[in-house]
Amino acid sequence: MAEDIDSLYVLYSFSQKNSTQKDFNKNVNEQDTSTQMTKLHCACEYGNKEEVIKLLEAGANIWIKDSNGNLALHFLIACTDAIEIFELIYEKAENDSEKIELIGAKNNAGHSPLWYAVENKRTLFEKRLIQLYKKFGMKLEKNVIELARKKDPIPDKVKTLF
């Protein structure tokens, strides 16, 4: 995940460029030249629900990846417990196929949102994502199972999927 200083730089950079609401809407999907992060990545990283709502209403693209292949959803789950923001982003996926792609999206390191939930002990996200994996008949990635076993010698949350 991006360093805090990178996110602060990106937010500062965007604030300097977008002084009016018109500019904000026009540049809603602009990516930082260094990190390729968008405003949505930053808002998700800090769990800023009001900002996420504004960005989504202005047309923020939930599919844009940063330079490490992270969607805003990866940042949200790695850095916060803001399950309400997850639901807002999840609802932006237009159909079941997109919803499956979103929750199973892997970054350049091969990590999915569920991997970040397990890695960072985000229990609400773990439960919700596992519920969605079951709903769509998705199989857990091997790296998620291995990580869960390292963190919990008796991974009940994993056993229920077999």
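Every number here is computed from the coordinates shown, using simple stated rules; none is lab data. Remember, it's a predicted structure, so these values are computed and weren't measured experimentally. All Cβ positions, even for glycine, are placed from backbone atoms using ideal geometry, and neighbour counts span all protein chains on display.
What does the C-alpha gyration tensor say about the overall shape of region 25-141? Classify as rounded when a/c is under 1.5, otherwise prolate if a/b is larger than b/c, or oblate.
Because a/c hits 1.5 or more and a/b exceeds b/c, region 25-141 counts as prolate.
Order 91-97, 137-143, 62-68 from most to least packed using the mean count of other Cβ atoms within 10 Å. The partial results should precede the final answer.
Values: 91-97: 11.1, 137-143: 13.9, 62-68: 17.7.
The peptides rank, most packed first, as 62-68, 137-143, 91-97.
How large is ³J(HN,Hα) for each residue in region 129-143, as worked out from phi by the Karplus curve 6.51 cos²θ - 1.76 cosθ + 1.60 (θ = phi - 60°), to whole Hz, x for Gly and Pro?
Computed from phi, the couplings for region 129-143 are 5, 5, 4, 6, 4, 5, 4, 8, x, 7, 9, 5, 6, 4, 5 Hz.
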